[in-house]
Structure formats: C-alpha cells, structure tokens
Amino acid sequence: MEEFLKLGDDISDATLDDIINSQKPNQCCVLIYTSGTTGKPKGAMLSHDNGSLINTLKEVQPTSHMGVPRVWEKIMEKLKDASAQSGFVKKKMLSWAMSVSLERNLNCSSSSDLKQFWTRLADYLVLAKIRSALGFSSCQKHFCGAAPLNTETLYFFLGLNITLYEAYGMSETTGPHCLSGPYNYRQHSCGKPVPGCRVKLVNEDTEGNGEICFWGRTVFMGYLNMEDKTKEAFDEDGWLHSGDLGKLDKDGFLYVTGRIKDLIITAGGENVPPIPIEDAVKKELPIVSNAMVIGDKKKFLSMLLTLKCILDPDTSDPTDILTEQARDFCQKIGSKATTVSEIVATKDQVIYQAIQEGINKVNMNATNRVHCIQKWIVLPRDFSISGGELGPTMKLKRLTVLQKYKNEVDSFYEE
C-alpha cells in the first residue's frame, strides 16, 4: 500500500483537480465483472451516474444487513445444530418461541391480543437473545439477494422475528433494482422498483410469466470491449433484458420465477422451471444440501443430490462429516451414519429409502407427470465455489455441474 501511495508523489494537486473536474456522469467509473455462470465473466461498465452509494451510506448510517441466500442458510443450519446440542428445556423453549413468532408473522392481521402478548413474551425471553448473539440486536432491516431464497429459510427467520427483505437486480443495474422493505413487503416477492427505476415483462405466457426488463439511470453503459454483447442486452427502446422470468401482481410487486437459460425443455417440448422442484425436495428432506434437476432434451426428469456436511473453518470447503441436523435425520430413521462417504459407498438402505419417500411426496404435488423426478443419485461431495459448482454469489452453475458429473447424468438415461 505504501508503494502504491508513493506513485502519486510526483502528481501535483492542480493535475489531480483537472482529472477530477473532467469526469462526467456518463463516463465509466468502475468495472464489475459478472460471476460468469453461463460463460466467460463480462466487465460491466458502471458510469459515475450509477455509483453514488458511498455518500448516501455516510449520510444515513443504516442499521441493516445484506446477505446472499446461502449466507442466511448457513446461519440457519448453524442455529439448528446449536439447538440440537442444547438441553431439553432450551430446545422446547426455542421451538415454542419460534412457532409463536412464525404464526404471528404469517397471520399478522388476524392475531388476537392474547396471541400478541405471547409473541412479545417469546421475543423478550428467547428470540431477542438469539438475535443479539447473531449480532442483529440493532439491525432493523435484513436484506437478501443475488440468488433465489427458499421458503424454508424465509420461514425459519420469520420464526426468529426477522423478516428477510428480498432485493433483486444485476451487476448491470448497479445492484438492486427492486427492493422489499417494512412498508413494501409481500412474501416471496422482491418488492417493487426503487425510485427512478422501472420494470416491465415481455413475451408473457398464459400464466403471466415473462422476461424481466429494466430501465433507469442505474442501468450500465455496456460491456467493456464487447459491443455485440451490449447490443444483445438492450432492445431498441433502451430496456435492459435480464434473462430472468417473473410475474407482476396487480399492485406492482415483482416475483422472480426462474431463469430463461435454466428453464428445462424436455424431449416432449414441456417447459419445466427447476427451482420450485429443487426447493420442494430440500424442504421435504432436511439432510439434503443441494438438489439439481436435470432433463433438458430428455424423456424424463432426474436429480443430483448432495448432503449437508460441516464446512472446513479455514477454507469453507465441504468436509465429509455430516452436520448435526443431518445426523439427527439419520438417527431418527434408524441409521448410524455420520459421514457422506459411508452413506454413498454403502448406499445406506435406510437413508436411500427415506430420500425416495421424500421425493415421492414431492412428486405427488407435481403439476403433472412430466414434473416428477424419476431417478436420482447422491453425490460424494457437496457443491462449493472451489469445486466449481457454485459461483462467487453462491449461484448454482448448472452447465459446470452437468459437465463435471456427465457420467452420473448419462447413467440416468442409458437404455
């Protein structure tokens, strides 16, 4: 750092002032490289007009926190592990407090005075202490963005009396373009466009799903040295096409329902959004960490599964040891397994049967038979950034996973 600072010793203040004064709102200020989930990372050019966040933060001094869904999931798993190791009374107290809080937050308009009293008592005796231990005692707004938030995580934090406000945007929109908040909130929605920004849907289907498009001063100038990619991103009216699918309700709340490139089109021409199916499997099976639906140009859907395991504290890489929550699941169904490797190596009959039963339940709620999972496999290692399956914001890199586990995928469809 000292060497870097010395580089400016020979530059006069007058020269520096001239450079600062020459900057214009429509000039490139910073490059943010996209995470590259579908190819080589692209340098998004953000102008000076995009980037006034720092001064705003200094002025308002917010008491808020932002995390990608995987961060919130890991907090949830850590709390569940801690709860599993606590005594009977503490475990029961936490379960009671969280159930009271969740019911109140899901049915806030119809709560009686007595229920509101129990909610306040539960918060005072139990939940406030947990939030304090997590460092959230002064936090008024908890935001989540960069990837889909599943229902299990949303409900868990509502049980702690923490509402996760979803944000939605892209590197190309200087971050959040749509935002939820205390006065702008609906479950599973990422809210409404922030002031000065607009959203529209194009190519809507019969269910109201269309591609989400952005407009506003926060939208980027284009990709650095990629004029062709820039032209692809914008339409003739200047709207940025996101590549994401979404719905708008009658009050203007936006719901992100999938990604166009993630949409699975089966051999029979059926369109299948994978995320709802994956979320349903993870909710039904608390031992499952990641689930990925496969079926593009295939006759039926199959699934790759990974199990919840403890992360290495130094590298954040997945280890072979199951989490406390996963071990509890095994014990409840009669298995003594404590590692992923022993489950996969022996195809632990009890665990595999439980997984099949969970998938059967998910299939029973499927829209139609095409949306049912016919085959699945448990992988020997959880997905990770270092393994290449997850991007920097913990998004699933589906093409990479398909290439890495090609043999496993091919085995599903061998005649």
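The values are calculated or read from the model by the stated rules, or taken from the named source; none is laboratory data. Bear in mind that the values here come from a model prediction, so they are computed numbers and not experimental data. Here the Cβ is made from the backbone with ideal geometry for all residues, glycine too, and neighbour counts use every protein chain on show. Quick note on the areas: whole protein, heavy atoms, side chains included, nothing else; ligands and nucleic acids left out. Shrake-Rupley method; radii C 1.70, N 1.55, O 1.52, S 1.80 Å.
Some points to look at:
- Among the protein heavy atoms of region 353-400, carbon and sulfur supply 55% of the accessible surface, probe 1.4 Å, non-protein parts ignored.
- Rounded to the nearest 10 degrees, the angle from helix 69-85 to the longest Cα principal axis of the chain is 40 degrees.
- Cα-based Rg and Dmax for region 221-279, where Dmax is the largest Cα-Cα distance (Å): 15.1, 40
- Accessible surface of Ile11 - all protein chains present, 1.4 Å probe, nearest 10 Å²: 90
- Stretch gain in nm, segment Ser86-Lys40, where the contour uses 0.36 nm per residue and the Cα spacing is subtracted: 11.9 nm
- Packing-based ranking, highest mean first, of 235-244, 305-314 given that Cβ atoms within 10 Å are counted: 305-314, 235-244
- Cα-based Rg of region 98-238 normalised by 2.2 N^0.38 Å, two decimals: 1.35
- Hydrodynamic radius of region 261-415 by the Kirkwood approach over all distinct alpha-carbon pairs: 16.1 Å.
- Count Lys and Arg as plus one, Asp and Glu as minus one, and take only other residues whose Cβ is under 13 Å from that of Gly181; the net charge is then +2.
- Taking packing as the residue-averaged number of other Cβ atoms within 10 angstrom, the listed peptides 170-181, 145-156 run from highest to lowest as 170-181, 145-156.
- Accessible surface of region 189-344, 1.4 Å probe, proportion on carbon and sulfur as whole %: 50
- Translational diffusion of region 61-156 was estimated from the Stokes-Einstein equation, with Rh taken as the Kirkwood radius over Cα pairs; at 4 °C and 1.567 mPa s the coefficient is 88 µm²/s.
- Computed over every Cα-Cα pair of the chain and binned at 20 Å starting from 0, the pair-distance distribution P(r) comes out as 22, 53, 23, 2 percent.
- The Cβ shell under 13 Å around Asp328 holds other residues with a net charge of +3, Lys and Arg each +1, Asp and Glu each -1.
- Taking a ≥ b ≥ c as the square roots of the eigenvalues of the alpha carbon gyration tensor, region 256-325 is prolate, as a/c is not under 1.5 and a/b beats b/c.
- Put simply, when 370-378, 262-270, 126-134, 285-293 are sorted by average Cβ atoms within 10 angstrom per residue, most first, you get 285-293, 370-378, 126-134, 262-270.
- For region 327-380, alpha-carbon Rg and Dmax in angstrom: 12.8, 36
- Its convex hull of Cα atoms gives region 180-293 a direction-averaged projected area, equal to a quarter of the hull surface, of 10.4 nm².
- Computed over every Cα-Cα pair of region 157-220 and binned at 5 Å starting from 0, the pair-distance distribution P(r) comes out as 4, 17, 22, 21, 18, 10, 6, 1 percent.
- With a cut-off of 15 Å between beta carbons, the residues surrounding Asn107 carry a summed charge of +1, where Lys and Arg count +1 and Asp and Glu -1.
- Per residue, the chain exposes an accessible area of 57 Å² to a 1.4 Å probe, with every protein chain left in place.
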